[in-house]
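Engineer: Below are the structure tokens for one structure; questions will follow.
The values are calculated or read from the model by the stated rules, or taken from the named source; none is laboratory data. Not measured: the values here are computed from a predicted model. So basically every Cβ, Gly included, is an ideal-geometry build from the backbone, and we count neighbours across all protein chains shown.
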Amino acid sequence: MRKETKCVQAGYTPKNGEPRMIPIIQSTTFKYDSSAEMGKLFDLEKEGYFYTRLQNPTNDMVAAKIAALEGGTAAMLTASGQAASFYSVFNIAGAGDHVVASTAIYGGTYNLFNVTMKRMGIDFTFVDPDCSDEELEAAFQPNTKAVFGETIANPSLVVFDIERFAGAAHAHGVPLIIDNTFATPINCRPFEWGADIVTHSTTKYMDGHDVGVGGCIVDSGHFDWMAHADKFPGLTQPDESYHGITYAEKFGQGGAYITKATAQLMRDLGAIQSPQNAFYLNLGLESLAVRMERHVQNAQKVAEFLAKDPHVAWVNYPGLKGNKYYERAKKYLPNGTCGVISFGVKGGRAAAEKFMSQLQVAIIATHVADAHTCILHPANSTHRQLSDEELIRAGVAPDLIRLSVGIENADDIIEDLEQALKSLD
Ligand SMILES: *Cc1c(COP(=O)(O)O)cnc(C)c1O
């Protein structure tokens with residue numbers, strides 16, 4: 001199946017007489033004929049459902065669709081993108097361990113790593129995604145357990161050199177985790193470039209309609225945990241809470257990581273997505289390929305308009321010729337990047353505020369990457385916990401306006417921006 005077909009059909013194939021649409025299994029628990037049978041599930045001896053905090057059939061069908069889109073071997077849904085980012089790292093790193101992360105990542109992820117996970121005893125070294133080979137090499141430590149980057153960073157739109165970082169991670173015997181939220185598997189499949197684990201905030205393009213907060217983690221099945229057994233004891237040594245099973249042995253290279261995250265992290269932390277939200281997510285996924293195509297077309301037109309407008313100080317869109325990441329985007333995202341553009345208005349903060357208040361089609365919202373065109377000033381909202389210096393390091397200029405181009409008619413979006421820019425005269 002090609003990606004457009006997978007969007008509609010992967011993850012669920014109804015048998016004779018079954019519902020055409022993925023059913024919502026809105027049940028916390030599942031019935032068994034004997035305790036012995038249920039016991040096998042608790043021992044991870046048999047596959048099946050017993051409690052929705054760990055697994056639910058609706059969630060699994062939707063996760064399987066995302067795994068198919070990414071070309072992975074296993075996947076799980078989480079309650080949010082934040083939960084996905086947290087689990088993806090915490091599944092293989094604990095107190096005393098270290099992780100190398102790109103500086104060009106979502107502000108929420110930076111905070112999660114730099115504040116909350118540091119308090120849990122995990123150390124992070126943040127590297128400029130365009131750093132020299134020497135700097136990248138120097139970031140690794142003997143206790144490094146993973147490398148983390150974002151395909152297209154929210155909101156700096158830095159395009160990550162996945163292949164290069166995968167090479168560095170593998171040379172140090174650790175996996176590369178990629179947050180693929182902005183690109184979606186329609187525009188980039190990080191596994192094809194050497195990434196080992198992919199995460200998503202499904203809240204963005206995958207849902208696509210401002211309906212449900214959610215996340216997803218996908219395993220490529222490429223990383224050989226057993227070959228680096230000393231680094232990943234959680235996967236390669238017996239788990240006493242499940243009668244001494246060893247994930248990498250019992251579930252193999254393609255299943256160990258997600259099974260462990262489900263059996264331990266979901267069991268203990270419980271950031272599960274509701275089956276109802278998984279159903280909505282699936283509706284979004286069905287049109288993902290069609291929507292991404294329109295997002296990219298519209299954003300290209302809008303970026304080209306902004307680049308020519310005299311009120312605009314600068315435009316950052318990797319699809320624009322002359323953008324720092326134009327060539328890299330051509331390599332990793334040949335069908336286009338995403339619908340998000342950032343730009344600055346001449347006249348700084350005050351002009352930006354006036355401009356934004358005049359908009360009618362583009363609405364002010366703390367959200368990006370969905371059907372509705374929306375706009376935000378990150379230094380004043382999502383990134384306000386960062387100092388100016390940290391903002392610049394994260395690739396977010398203090399005057400940056402983030403515009404998420406939706407799937408409306410591009411001419412309506414452009415006319416709206418044009419009248420608001422004219423109000424600055
Ligand atoms: C929004 C976002 C997140 C966090 O996801 P939530 O669903 O809001 O928890 C993580 N990464 C990226 C790139 C995002 O845009």
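Engineer: When the stretch 163-182 is examined, which residues are found to be within 15 Å of the ligand (Cβ to nearest atom) and either among the polar types (S, T, N, Q) or surrounded by fewer than 24 Cβ atoms within 10 Å (Cβ to Cβ) (or both)?
Structural biologist: Taking the stretch 163-182 and keeping what is within 15 Å of the ligand (Cβ to nearest atom), we get 177-182.
Result: N180, T181.
Engineer: V89 fails exactly one of the following numbered conditions: (1) more than 20 Å from W225 (Cα to Cα); (2) touching a Phe, Trp or Tyr at 6+ places or on another chain (Cβ under 7 Å); (3) within 16 Å of the ligand (Cβ to nearest atom). What is the number of that condition?
Structural biologist: V89 satisfies every listed condition except (1).
Engineer: Considering E353, E327, which residue is of a type in the set (D, E), closer than 18 Å to D425 by Cα and without any contact (Cβ under 8 Å) to a residue 60 or more places away in the chain? Please lay out each step first, then the result.
Structural biologist: Numbers: E327 fails: closer than 18 Å to D425 by Cα.
Sole residue among the options that is of a type in the set (D, E), closer than 18 Å to D425 by Cα and without any contact (Cβ under 8 Å) to a residue 60 or more places away in the chain: E353.
Engineer: From P238, P185, P142, P190, which residue is over 22 Å from I122 (Cβ atoms) and without any contact (Cβ under 8 Å) to a residue 24 or more places away in the chain?
Structural biologist: P238
Engineer: Within the stretch 54-66, identify whether any single residue is touching a Lys or Arg at 6+ places or on another chain (Cβ under 9 Å), part of a helix (DSSP H, G or I) and under 29 Å from R189 (Cα atoms), and answer yes or no. Steps first, please.
Structural biologist: Restricting attention to the stretch 54-66, the residues satisfying the condition of being touching a Lys or Arg at 6+ places or on another chain (Cβ under 9 Å) are 54, 65.
Pick out the ones that are also part of a helix (DSSP H, G or I) and you get 65.
In the following step, the residues that additionally are under 29 Å from R189 (Cα atoms) were identified as 65.
The answer is yes; a qualifying residue exists.
Engineer: Return the residue satisfying two criteria in turn: it lies in the stretch 196-216 and is closer than 22 Å to I92 by Cβ and more than 12 Å from the ligand (Cβ to nearest atom), and of such residues it is surrounded by the most Cβ atoms within 10 Å (Cβ to Cβ).
Structural biologist: My answer is I197.
Engineer: In addition: List the pairs whose first member sits in the stretch 152-166 and is not assigned by TED's automatic domain parsing to the domain that holds V100, whose second member is outside any loop (DSSP other than H, G, I, E, B) and surrounded by fewer than 24 Cβ atoms within 10 Å (Cβ to Cβ), and whose Cβ atoms are under 7 Å apart, counting only residues at least 6 apart or on separate chains?
Structural biologist: As it stands, the answer is none, since no pair meets every condition given.
Engineer: On to the next question. Tell me, please, whether a residue that is among the hydroxyl-bearing types (S, T, Y) and within 16 Å of the ligand (Cβ to nearest atom) can be found in the stretch 119-142.
Structural biologist: no
Engineer: Here's another thing I want to ask about it. What number of residues within the stretch 282-293 are buried (at least 20 other Cβ atoms within 10 Å of the Cβ) and closer than 29 Å to D411 by Cα?
Structural biologist: Restricting attention to the stretch 282-293, the residues satisfying the condition of being buried (at least 20 other Cβ atoms within 10 Å of the Cβ) are 282, 284-285, 288-289, 291-292.
When the remaining residues are screened for being closer than 29 Å to D411 by Cα, the result is 284-285, 288-289, 291-292.
Here the count works out to 6.
Conditions tested, residue by residue: (1) part of a helix (DSSP H, G or I); (2) outside the structural domain of N91 (by TED's automatic domain parsing); (3) crowded, with 19+ Cβ neighbours inside 10 Å.
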| site | (1), (2), (3) |
| --- | --- |
| M266 | yes, no, yes |
| Q273 | no, no, yes |
| A278 | yes, no, yes |
| H295 | yes, yes, yes |
| N298 | yes, yes, yes |
| E304 | yes, yes, no |
| A307 | yes, yes, no |
| P310 | no, yes, no |
